[in-house]
Amino acid sequence: MRRPSARRITALLAAGLLLPVLASCGSGDGKGGSAEGGDSALVIYSGRNEKLVKPILDKLEKAVGAKVEVRYGDSAELAAQILEEGDRTKAGLFFSQDAGALGALSKEGMLAKLPQSSLDEVDKAYRGEAGDWVGLSGRVRVIAYNPDKVAEGKVPDRVADVTKPEWKGKVGFAPTNASFQAFVTGMRVLEGDDATRLWLKGLKANGKVYTNNLATLDAVESGEVSLGLVNHYYWYERVAEKGEDKVGAQLKFLPGGDPGALINVAGVGILKDGGQAGTAQKAVDYLLSKEAQTYFADTTKEYPLAAGVTSNVEGLPPFESLESPDIDLGKLESLQETLAMLQDVGLV
């Protein structure tokens, strides 16, 4: 098994991606087991927010018949950690917030090919081209807006338009958020680096920076900004908690395949060198099952991608109605270049 080159490790270090694995929870000694299916424990590196996925991951021990340890952190940081660890990694399964981090590991040959039966559970647009990772749930980028500040008909139909003069000081976004960075990577793929850099400069001039999607949504609700660039499910979670009449924001789903309507996926891949292949495959099967897919639909308010499960969230547009850009999600792996661009523009 080849390790990533010293040059690549150095680049990741320069980008600030090689950080220690963050907080862990769950049981197990983290040592894993053999690759022959007799695994004694499963170690998951999860780039998904602990609050969102812990309830479903807590059910894994029963589903896989082994102890499970989950280490939480940022998807890009965890992917970089796996690259640094190489064939010494303790991770058996990587659960990523976005396709880009999975694509980066796939590009370096770190992931094992999945059985065709697992891959066939998900449309080919939402799984790795090499057959070594599979999407579990989808989310779409949207524009949140405050209806007291801007009428629905005045909300931009294109994300490019939020850099126009009339929106100066009125746009919130979270440049350090992994989903925002994946969206920018998608724009680079679709529109090119020069156009994306120009847009980022305009966004910096017009916008207000927040720490994450929730803080951005808070700012929209309070009227601190009129528009916010976020993922759809944060709004639906808030509506489920408070009721729509108590949420001071609405959502605009962008039409026409706009880069601002990117559908990204959370997904999983099995580490070739984790020594936990048998248990990890059982975990993949469970996360693709009706029980887990229903959890993503009903609890996290995402779009389920497998097991024939559809979302019953009130007001959520059907998945097939979304007008997302036509893009190979595997190409979102060029996060390093996106981070360099964000740094160059002064946004991170």
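Loop sites by DSSP among the trypsin sites (Lys or Arg not before Pro) of the chain, restricted to those with at most 16 other Cβ atoms within 10 angstrom, leave 169-348 as the longest stretch without any of them.
Across the stretch 197-241, counting alpha-carbon atoms alone, Rg and Dmax equal 11.8, 38 Å. Under a Gaussian network description of the chain, with springs only between Cα atoms under 10 Å, the residue in Asp132, Asp193, Asp245 that fluctuates furthest is Asp245. Here the average projected area of the convex hull drawn through the C-alpha atoms of the stretch 108-179 stands at 7.7 nm².
For the chain, the mean residue ellipticity at 222 nm estimated from helices alone is -10500 deg cm²/dmol, where every DSSP H run of n ≥ 4 contributes -39500 (n - 2.57) and the total is divided by all residues, rounded to the nearest 500.
To the nearest ten degrees, helix 75-85 and the longest principal axis of the Cα atoms of the chain are 30 degrees apart.
From the largest down, the stretch 113-229 spans 50, 31, 27 angstrom on the principal axes of its Cα atoms. With Cα atoms as the point set, the radius of gyration and Dmax of the stretch 180-303 evaluate to 18.2, 51 Å.
Keeping the other protein chains in place, figure out the carbon and sulfur percent of the accessible area of the chain, with a 1.4 Å probe.
The nonpolar share, carbon plus sulfur, comes to 48 percent.
Over all other residues within a Cβ to Cβ distance under 15 Å of Ile327, the charged ones net out to -3, with Lys and Arg as +1 and Asp and Glu as -1. For the chain, modelled as a GNM whose springs connect Cα atoms under 10 angstrom apart, the maximal fluctuation among Ser96, Ser321, Ser289 occurs at Ser321. Roughly what would the spin-label model give for Leu214 and Asn49, points 7 Å off Cα along C-beta, in nm? Distance between label points: 0.5 nm. With the alpha-carbon atoms of the stretch 52-129 aligned to their principal axes, the span from lowest to highest coordinate is 32, 31, 24 Å, starting with the largest. Rolling a 1.4 angstrom probe over the protein heavy atoms with all chains in place gives the chain an accessible area of 41 Å² per residue. Ignoring the sites themselves, the chain has its longest run without GluC sites (Glu not before Pro) in a DSSP loop having at most 16 other Cβ atoms within 10 Å at 130-313.
The values are calculated or read from the model by the stated rules, or taken from the named source; none is laboratory data. Worth saying up front: this structure is predicted, and the values here are computed from it rather than measured. With ideal geometry, Cβ positions are generated from the backbone for all residues, glycine too; neighbour counts draw on all protein chains shown. Each accessible area value is taken on the protein alone, full model and side chains, heavy atoms only, with ligands, DNA and RNA left out. Shrake-Rupley method; radii C 1.70, N 1.55, O 1.52, S 1.80 Å.
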